[in-house]
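Peer 1: Please read through the structure below; I'll follow up with questions.
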Amino acid sequence: MIVLLENEKKIITVINSDITGSSFKNVRAEQVSFQCANLSGVTLSDVNLTGMSISDANLSDLVIDGAQWGGAQFNHIGFSDKDQPESDQQERNPLQFRNCSLKQGVFTECNLTNVKLENCDITGLVINGINIENLIKQHASAGK
């Protein structure tokens, strides 16, 4: 059954239903709640997710491109899967950040084992009180 709502203002409750293949365009959907939902393969384009909250979610293979994230918070996130050791999942599908600004960001109590920074501006990068840029300069001058 196909249901078409056009130019309507409705509150819709959907329970124990399959809406696979549905499409939403030019829709106001503030305060919409999904609970116990499979949203795998969902595409969001040109959307405002300000104030969005995601909890107890599997974000594997999530791609965020061309987004603003001022004030975003990432808490209690890992690769844990109760059926798979953490290291296997990390090697198969490592977390990647490309062309991102983490300026003024703070990482607290994070596991950064084997993290690689490639072609990154590390001006002012401080780890546990040590200025890494200065440390690299000292190392380079000691090798001369």
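Peer 1: Going residue by residue through the range 76-99, is there one that turns out to be more than 16 Å from the chain's Cα centre (by Cα), at pLDDT 90 or above and not in a loop (DSSP other than H, G, I, E, B)?
Peer 2: no
Peer 1: So, in the range 23-55, how many residues would count as being of a type in the set (S, T, N, Q), surrounded by fewer than 10 Cβ atoms within 10 Å (Cβ to Cβ) and more than 20 Å from Gly66 (Cβ to Cβ)?
Peer 2: Residues that pass the stated criteria total 7.
Peer 1: Sticking with this one: Which residues, taken from the range 122-131, are part of a loop (DSSP other than H, G, I, E, B) and exposed (fewer than 11 other Cβ atoms within 10 Å of the Cβ)?
Peer 2: If the condition is that a residue be part of a loop (DSSP other than H, G, I, E, B) and exposed (fewer than 11 other Cβ atoms within 10 Å of the Cβ), then Thr123, Asn128, Gly129 are the ones that fit.
The values are calculated or read from the model by the stated rules, or taken from the named source; none is laboratory data. Keep in mind it's a predicted model, so treat the numbers as computed, not measured. Cβ coordinates were reconstructed from backbone atoms using ideal geometry, including for glycine residues, and neighbour counts include every protein chain displayed.
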